[in-house]
Amino acid sequence: MIHMPVASLLALAAVLFCIGLYGALTKRNLIMVLVSIEMMLSAVNINLVTFSRLGAAPNLTGQVFALFSITVAAAEIAVGFALVLAFFRLRKSTEVKDADSQKK
Amino acid sequence: MAFLLWIVLFAPWIGFLATALLPRLSDRMYQAIHIVLQSVALVAVGALWSRFHPASSHYQAVVRLPWFSFPDAWHGANLTIGLNFGIDGLSLGLLSLAAVVLWLIAVSTRVPEGLGKARAMWVQLASFAVFATFTALNIFTFLLAIEVTLFATFFLLLRLSEADSQRTAIKFLLYRGVASVFLIVSLVGFAFSSAATMAEPLTLGYQQLAARAQGVATANAALSAHYSAPQWIFLLLLLGVFIEEAFVPLHNWFPDAIKNADTGTAMLVGGVLTKTGAYALLRFGVGMMPADVKIFTYVLATVGIGNLLYGAFAAWSARDWRRLISFSSISHMGLVLFAIGTMQADAIQGAMFLLVSSGLITSLLLLTTSRVKARTLTLEWRQLSGLAKPLPILSGFLLFGALATLGLPLTSGFIGEFQSFFGGFAVHPTFAFIGLLGLILSAVYSLTAIRKTTFGPFTDRAAAAAYEDARMAEWWPIALLTMLVLFIGIVPYPLGHVFLSAVHRLLPIGG
Amino acid sequence: MSLATLLQAHLWTTMGPLFVVGMTAIVVMVLELFLPAASRKFIVLLAALGVVVAGVVLVHTMSVPPELSLDTMVSDGLATVSSMLLLATGLLVLLLHLDVNESEEMPRESSFLLLFALVGALAMVTAVNLVALYIGLELLSVSSYVLVALRKRHRQASVEGSMKYLVMGGIGSAVFLYGVSFIYGLTGQTSLYALAQASLSLWQHDAAIAVIAFLLIVVGLGIKLSLVPFHMWTPDAYEGAPSSVAALISTLSKTATFALALRVLVYIFNGGAHDLFPYIAVLAAITMLAGNWLALTQHNLRRLLAFSSVAQAGYLLIPIALFGTASVREWPDLYDNLLFYLAVYTFLTIGAFAVLHLLEHHRDVTMADGLTGFAKKSPWLAASFIVFLLGLAGMPLTGGFVGKFYIFTSTVQTGVLWLGIVLFATSVLSFFYYFGLIRTMFQSPLPTYGDAAQGQAEGRTPVPVATGIVIALCLFGTVALGVVPGILLHPLALVQWF
């Protein structure tokens, strides 16, 4: 069995998570925001799979959890893109700054 | 005797419900219901006097309405919450003041056009709440009554005020709302802390809490030590009291309310509501946290005398009657605070006298000036002058009110002031000496006001000729108040006797 | 899994209501697809019937001792009581939806989404496994995102509100899940019971990672609960959503998420990390202060209610924050506090949104100054709105006062009095806007030429039957819990919570 460095896998997930969070909060395009959220969820999946194999008490639950997480994320993003589409039909734009019809 | 207290409390409550639920009566009908039920309450309070035993050391006429209980509130025991009412000397005195003032509001003040329902409804709710405040026997009932008073009066100010109703009402609500928060936190904190310290069951009842504070064993507790509350609890109480009594610099709501409110609401606020703060200080401060009152006696003396002087100066610089009345009331309450702070039996009895007297005199002045204003359309001094000629009766009452304000012997104010200073000189001679300056000032401001309005040449002769002096229907309530003020001043014994019993209950043994 | 195993008794004990509501949801979904638009009333009523049946099933399971099935679903006190509250909430929201559905011209496929949201919420309160909890949370959230976007009359605001809700909600889920993944990594467990056992060793070995996990979980749930400073989506989502959906996301998802937060935080962290709970207390204080403060400046009624619900979330967070200092003997009290105030809050909020729906639909009122003259024109409706506002402000004789007082006694008892002071102090701040609304209702409308006659003719706001029933029920609940709170307090005290 190849020795897997757990620290670097976690670091990868952390970096991915941070990039995702940063993107979700700062990106100006709605599609990019949704992609950023996907990145955060991918970071979670990497974490879960890593722990499932190399955690303190390795077992299969983590992989099952990751499968669930992927499915749910797909549903969420599907709704997200449907909303982007609806928004685009209304405003002919996918920019965050155009979502300004509500009072601040 | 308990049924009398039932009547006192539930006459206005029934009036409130009837007024709220009966649709579309004429304003007169609403007022008729209001007057009848308020009179019933007044008569019942009168009957309470005849049955009251000053010598008894228990609360009398006890009414208990069990309500609900918080399960497992304290070490697995339930905390039963009930509405308990009863009277001792202090309650009876202030209850009578409230009953008289609220009855006068019902019978003698004008109902604004088309607002008969609103007025009858909220005044009766307020009067239920005020009666409940003074007769509550546990902390929960007291706090509930304070909150109900708060929003009933808010609606009165909102609907009936003569000017600037929204700002006045919201200001009143916020100031007194904050005060009620301080009271809630401090009183509930007190109950929990006393239960924790004494390892006794949690209770909200006055009797048990006071017994713990004085180390007296009651039926369900065997005490050998006495409980003294942490200082922050007392400080919070004090802050609440300061706002309720409109002490500088937390007084801002009060002159506004008096100035803008209609006469009835102004009488309610000035004559009764400012007394609830002092009542709380007597009941909880003196009765349950005596050690703290002694520790903070200099704070009380400073704030008290400060307000006495500030109120007097502000009243002196006032330009109209309503403002003068509000600041003279603040000034009187300053003296009350000073007297309570001394923890002397004499002074505390004096403070109780002052409360009743200040409530009556404030109502008297408000009522008289409202009659004047109905004619002159203003209460500003630069537009009033020489009223004595066209309006001799009203001017006479105004003069009497002013003399009573400055505490002339034979009026009710004198006894209170004399006793307060008598006790005050024994403990804080310096403060008392400075306070005397306030008394001199009170003579200055009230007589200045009289000189400016009733004496001197009349500015507008043509208008003056049109003024009609008050008829019997208008002046009899004022005359009644005058007689009450004189009666208490000349025959202080009945009220004093009742108050003395309260003083002995409140002050710990040997205090 | 065959039908026979599905109907095994112990599964029904824990998941009965879940099955019933889920099956109703599927039936309703199919019917909505095939039946003509004219029968939408019937469909909503069918959905409501499903919820009632689920309630009956739930009542039946209450006589059975608590069970744990599949190592995932549980029928303990918290699950049963919260499910009861959720089903009641669902029923009220569906009744309100009956009228909203027509007046907002919502697309037909809305009732089944409400039911799926309810299924998610039920899963959140009955599950004791992190995977199942997450599925429930997402089922509720995703259904809510779609529901918010369905308001046809204000299309753009609706889609934008939904978009913001989805983005913030998505971030919230991801953050929560990231925290959960660390918990799994440190213990290899996802069952809360196993985690409660492992809790102490968690803190001895890897305290730093456990703290990070705690913070991530709190932030994730904070976004879902709209705690300050994670509340940004709330006013937009509330403003965009149809009234019944706004009522749903402010009550149903709050109840479910608070129950979930209680379970997750207490089971996983309370064993070894009481010292982290004061941070939750700080969060509660900030939420109460900022929520009430932000509501002060609002003139739009929905945004005002949104910020008020942010503030209420702060009050509701207090019992959870108190777990840090409470002894185990005092735990049931905190459960009582939370569930009692949640029940009160549910009645108050749904009632307020029902009145608001009528105002918006029949009088086109969205701003606070549109309320002028409301008290004169529709006295009964105005009176019920006033009761709901007084309840939210915590005035006596409404459940709001008893609820706040009850929470306050717990703060005193557990020695976190400062939080109780903040609770009451911020309540006074809230007087300003609640009473401001009441004040506006009593003002007479400004006389404007032409409009004046029309305003007179407009007269009383009509109240459709279903909305009338919702308002009456909420009114009854509010006043009953204020006047005879014993009817709920004592049953709650008997519940075996965990």
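Points to keep in mind about this one:
- Pairwise Cα inverse-distance average, inverted: Kirkwood Rh of chain B (Å): 23.0 Å
- Between C and B, roughly 3300 Å² of accessible area is buried in total, ligands, DNA and RNA not counted and the probe set to 1.4 Å.
- Using alpha carbons only: equivalent-ellipsoid semi-axes of region C:200-263, gyration tensor based, whole Å: 31, 13, 5
- Isotropic mean projected area of the C-alpha convex hull, region B:22-128 (nm²): 9.5 nm²
- Cα centroids of region B:108-130 and region C:203-240: 50 Å apart.
- Both radii were evaluated on the Cα set of region C:276-498; the Rg over Rh quotient, with Rh as the Kirkwood radius, amounts to 1.03.
- Derived scalar couplings ³J(HN,Hα) [region C:209-219; Karplus, 6.51 cos²θ - 1.76 cosθ + 1.60; whole Hz; x for Gly, Pro]: 5, 5, 5, 4, 4, 4, 4, 4, 5, 5, 5
- Kirkwood hydrodynamic radius computed over region C:7-48 comes to 11.4 Å, based on all pairs of distinct alpha carbons.
- Ratio of Rg to Rh over region B:151-294 (Cα coordinates, Kirkwood Rh, two decimals): 1.10
- When the solvent-accessible area of chain A is split by element, carbon and sulfur atoms take up 72 percent of it, the probe being 1.4 Å.
- Helical runs assigned H by DSSP (4 residues or longer) give chain B a calculated mean residue ellipticity at 222 nm of -23500 deg cm²/dmol, each run adding -39500 (n - 2.57) before division by the residue total.
- For the pair region B:22-43 and region B:361-435, the centres of their Cα atoms are 32 angstrom apart.
- Share of pairwise Cα-Cα distances greater than 19 Å in region C:307-359 is 39 percent (whole percent).
- Per residue, the convex hull around the alpha carbon atoms of the protein assembly as shown comes to 184 Å³.
- CD proxy at 222 nm, helix term only [per DSSP H run n ≥ 4: -39500 (n - 2.57); per residue of chain C; nearest 500]: -26000 deg cm²/dmol
- Distant-in-sequence amide H partners of A:Asn29 (H built 1.01 Å from N, under 5 Å): A:Val96
- Histogrammed with a bin width of 10 Å, the alpha carbon distances of region B:112-212 distribute as 15, 36, 26, 14, 7, 1 percent, first bin at zero.
- Stokes-Einstein translational diffusion, region B:300-511 - Kirkwood Rh over all Cα pairs, 1.306 mPa s, 10 °C, in µm²/s: 90 µm²/s
- If you wrap region C:1-137 in the convex hull of its Cα atoms and look at it from every side, the mean projected area works out to 8.3 nm².
- For region A:6-92, Kirkwood radius (reciprocal of mean inverse C-alpha pair distance, Å): 14.0 Å
- Annotation note: GluC sites (Glu not before Pro) in region B:57-163 located in DSSP loop regions with a Cβ neighbour count of at most 16 within 10 Å are B:Glu113, B:Glu162.
- Taken about its Cα centre, the protein assembly as shown carries a charge dipole of about 2120 debye when Lys and Arg each add +1 at the Cβ and Asp and Glu each add -1 at the Cβ.
- Apolar share of the accessible surface for region B:300-511: 70 percent from carbon plus sulfur atoms, 1.4 Å probe.
- Whole-number Å³ per residue for the convex hull built on Cα positions in region C:210-357: 90 Å³
- Shape parameters for region C:19-77, alpha-carbon atoms, Rg then Dmax in Å: 15.1, 45
- Note on the protein assembly as shown: dipole from Cβ charges, positive end direction compared against C:Ile217, C:Trp233, B:Ala129; the farthest Cα belongs to B:Ala129.
- Interface burial in region C:410-433 reaches 40 Å² or more for C:Val412, C:Gln413, C:Leu417, C:Ile421, C:Phe424, C:Val428, C:Phe431, C:Phe432, comparing the full protein assembly with the chain by itself; accessible area from heavy atoms with a 1.4 Å probe.
- Total accessible surface hidden between A and C, rounded to 100 Å², 1.4 Å probe: 3600 Å²
- About the Cα centre, charge dipole magnitude for region C:276-498 (Lys/Arg +1, Asp/Glu -1 at Cβ), debye: 180 debye
- DSSP-assigned coil residues among trypsin sites (Lys or Arg not before Pro) in region B:89-119, each with at most 14 further Cβ atoms within 10 Å: B:Arg110
- Normalised by 2.2 N^0.38 Å, with N the number of residues, the alpha-carbon radius of gyration of region C:71-146 equals 1.20.
- Alpha-carbon centroids, region B:271-350 and region A:33-104: separation in whole Å: 65 Å
- Taking amide H positions as modeled 1.01 Å from N, with prolines and chain starts lacking one, the residues under 5 Å from B:Leu83 and 5 or more places away or on another chain are B:Leu65, B:Trp67.
- Normalising the Debye intensity of chain C to I(0), with uniform scatterers on Cα atoms only, and taking log10 at q = 0.05, 0.06, 0.10, 0.13 Å⁻¹ returns -0.18, -0.25, -0.72, -1.25.
The values are calculated or read from the model by the stated rules, or taken from the named source; none is laboratory data. Keep in mind that this is a model prediction, so the values were computed, not measured. Note that each Cβ is placed from the backbone with ideal geometry, even for glycine, and that neighbours are counted across all protein chains shown. The protein model used for the area step is the full one, side chains on, heavy atoms only, and it has no ligands, DNA or RNA in it. Shrake-Rupley method; radii C 1.70, N 1.55, O 1.52, S 1.80 Å.
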